[in-house]
Amino acid sequence: MIHLDSCLSSDHAPLTITIPIADEIVSTSKLSIPQNSKQETAFIEEVILNFKNLDTSNIINKDNLENTIKHLEVLIEQAWTKNAKKSRITEHSKQWWTEEYG
């Protein structure tokens, strides 16, 4: 808020700023699949199998398409969770963001 009524003889006005502070949940672990691992191979094979077995015969409208995509999303998430390894994030964890891969 700008308090123009409090300027007095100055051309400067006092400001009041309200900063909302909310609780933030900071994740201390992550799921990842090591590159070129058995888990990566299993994940990829499971996703490919899910695509091959996906029933697309009933996609006759937008709602059916969205339901089929949601089902595929669930299957991929299950494959990820099944094959991923949980690791703790610490101050010494590798930095994942780079200009090259960002």
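Read the figures in this text as sums done on the coordinates, not as results from a lab. Please read these numbers as outputs of a predicted model, since none were measured by experiment. Cβ coordinates were reconstructed from backbone atoms using ideal geometry, including for glycine residues, and neighbour counts include every protein chain displayed.
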Handout entry: Neighbour-count ranking [beta-carbon atoms within 10 angstrom, fewest first] of GLU77, GLU46, GLU40, GLU24
Key = GLU24, GLU77, GLU40, GLU46
Exercise for the section: Would you please give the FRET efficiency between ILE60 and GLN35, computed as 1/(1 + (r/R0)^6) with r the Cβ-Cβ distance and R0 = 41 Å, to the nearest 0.05? Expected result: 0.55
Exercise for the section: Kindly provide the helix-only [θ] at 222 nm of the chain, computed as the sum of -39,500 (n - 2.57) over DSSP H runs of four or more divided by all residues, to the nearest 500 deg cm²/dmol? Expected result: -12500 deg cm²/dmol
Practice task
Calculate the all-directions average of the projected area of region 27-94's alpha-carbon convex hull, and give it in nm².
Solution key: 6.0 nm²
